[in-house]
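Peer 1: Here it is: the structure, laid out below.
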Amino acid sequence: IIHTRNPISGNQNEMLSEIAVGLGETLTGNSPGTPLCVISDRRGRSHRIMSYPSKSFGYFDSRKDDSYIMRSDSDDEDLDDFTGAGLYESYPTNRPARIFVRYDREKLFWDREFQSLLFDSLIRMAEEIEGIMGCPQDIEGVYARDAFYVVQTRNQVG
């Protein structure tokens, strides 16, 4: 998840990214623990890791085929000062596997060059989406097989 305006400080020159290993359900499904949290400065193209992940388990596609996860798109998220993420049930077409995450094997956590390239790419992609949409965005996406996939973007609340 990328917030193109820092939702904590309101600073428009900062983006806040929340990153989890596994399917998006690991992050948005309200499972215990915190994601990797990064604040990126748009002007200096610098990145500060604010918290390392503490999610012991990730959810992964157990069938490796065309699986989908449906989630209620309630109007609650359009209410002022309210974000409903993680409050509503998700319905996967295939039950995802819950697997212990070995962070020592995740390139994102030990390869500083990969980390920098990933964070820089996230800023560029988010700025492009924000430019197209014309206002700060709350973007959900996936990084898999060396490519980014945007699965949802909406106007950022708050």
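Peer 1: Run the quick spin-label model on residue 152 and residue 60: label points 7 Å from Cα toward the beta carbon, then report their separation in nm to one decimal.
Peer 2: Taking the two extended label points, one gets 2.4 nm.
Peer 1: Enter the accessible area of residue 61 (Å², nearest 10), with the probe set to 1.4 Å and all protein chains included.
Peer 2: The value for residue 61 is about 40 Å².
Peer 1: Shifting gears a bit: Given the whole protein assembly as supplied and a 1.4 Å probe, what does the accessible area of residue 153 come to in Å², nearest 10?
Peer 2: It works out to around 50 Å².
Peer 1: What figure, in Å² to the nearest 10, do you get for the accessible area of residue 52 with a 1.4 Å probe and non-protein molecules left out?
Peer 2: Taking all protein chains as shown, residue 52 has close to 120 Å².
Peer 1: Quick one: length gained pulling residue 116 to residue 145 fully straight, 0.36 nm per residue minus the C-alpha distance?
Peer 2: Length gained between residue 116 and residue 145: 8.7 nm.
The values are calculated or read from the model by the stated rules, or taken from the named source; none is laboratory data. In this text, all values refer to a predicted model and were calculated from it rather than measured experimentally. Positions of Cβ are backbone-derived with ideal geometry, glycine not excepted, and every protein chain shown enters the neighbour counts. For the accessible areas, the whole protein counts, side chains as well, though only heavy atoms, and no ligand, DNA or RNA atoms are used. Shrake-Rupley method; radii C 1.70, N 1.55, O 1.52, S 1.80 Å.
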